[in-house]
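Input: a single structure, listed below in structure tokens.
The values are calculated or read from the model by the stated rules, or taken from the named source; none is laboratory data. If you're wondering where the values come from, they're calculated on a predicted model, not measured in any experiment. Please note: Cβ atoms are built from the backbone with ideal geometry, for glycine as well, and neighbour counts cover all protein chains shown. These accessible areas exclude ligands, DNA and RNA; they are computed on the full protein's heavy atoms, side chains included. Shrake-Rupley method; radii C 1.70, N 1.55, O 1.52, S 1.80 Å.
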Amino acid sequence: MTWAALLVAAAACYAMKLAGLSLPHRLLQDPRVQRTVPLLPVALLAALIATQTFSSGGRLVLDVRAAALAVAGVAVILRAPFLVVVVAGAATAALLRLAF
């Protein structure tokens, strides 16, 4: 069962990539498409972060992950290096889990 699901997922990914390569060139030159496409990865990443931070078992939760995300967000705003952002978020989560 797992192998079948893996093969179906791989085939679907390949088909989506092939569909993207098969698009007509004139469609890709549309100004609306050129303005929208660069924003898609940002929107997808934001959705993944929100889902992983604020949900657990299909329920909305507010726990130490939200505080860790807030600390990491402040570090990003202060233009800290990536490693500092990750360590600050992880340390916040670890200390809050230890405290509670």
The chain, helix-only ellipticity at 222 nm - DSSP H runs n ≥ 4, -39,500 (n - 2.57), divided by all residues, nearest 500: -24500 deg cm²/dmol
Scattering profile of the chain at q = 0.16, 0.21 Å⁻¹ [log10 I(q)/I(0), Debye over alpha-carbon scatterers]: -0.92, -1.04
Protein accessible area in the chain, 1.4 Å probe - carbon and sulfur %: 76
Ordering of 38-50, 75-87 by burial proxy (mean other Cβ atoms within 10 Å per residue, highest first): 75-87, 38-50
Alpha-carbon gyration tensor eigenvalues x 5, square-rooted, for the range 34-85, Å: 22, 20, 7
The chain - charge dipole about Cα centre, Lys and Arg +1 at Cβ, Asp and Glu -1, debye rounded to 20: 160
Computed over the chain: relative contact order in percent, which uses C-alpha pairs under 8 Å that are six or more apart: 17
